[in-house]
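What follows is calculated from the coordinates using simple rules that are stated; it is not laboratory data. Predicted model, so just to flag it, every value in this text is computed and none were measured. Please note: Cβ atoms are built from the backbone with ideal geometry, for glycine as well, and neighbour counts cover all protein chains shown.
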Amino acid sequence: MKEVLPVAARALGLTIQPWEVRDADGFERIFATLNKQRPDGLSVAPGRLMVPNQKRIADFALKSRLPSMYSSREFVDVGGLMSYGADFADSYRRVAYFVDRILKGAKPADLPVEQPTKFELVINLKTAKQIGVIIPQSMLYRADKVIK
């Protein structure tokens, strides 16, 4: 993310301001700074502190009327605007496949390492309406799930 995102942003004429949260108390400091700077959007990268604070982050973005993008649908389920990331249900099905192979005698070291192959786009139209963002119909057609 630290290498690829800035390159993609520059190609689109966007400016990225990274913020790192090291502990749960760091959120309030960053939220205060974001309220002062008023960015055009918020992209939340995955991390150990993000999932336990997903409602807190989504609530901040909603209250601040800040369009927000996440890497997992759980953020959208609690009020975030949209997510694009690996389909965890599909990934868990693959875990079951590997457990089955191991229980049948396969050596874990002999099994291939897999990366996700199925991704999902989830959009929360209720949030979009609350923050005044219009989601293009073409994007809604591409979404795997739309929360109304």
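Out of the residues in the stretch 59-102 that are more than 17 Å from the chain's Cα centre (by Cα) and of a type outside the set (D, E, K, R), which is nearest to Lys36 (Cα to Cα)? Looking at residues that are more than 17 Å from the chain's Cα centre (by Cα) and of a type outside the set (D, E, K, R), I get Ser64. No other residue among Arg48, Arg10 is of a type in the set (Lys, Arg), over 22 Å from Thr127 (Cβ atoms) and under 17 Å from the mean Cα position of the chain (by Cα) apart from Arg48. Might you check whether a residue that is in contact with a helix residue (DSSP H, G or I) (Cβ under 7 Å, 6 or more places away or on another chain), of a type outside the set (A, V, I, L, M, F, W, C) and in a helix (DSSP H, G or I) occurs anywhere in the stretch 19-34? No, the stretch 19-34 has no match at all.
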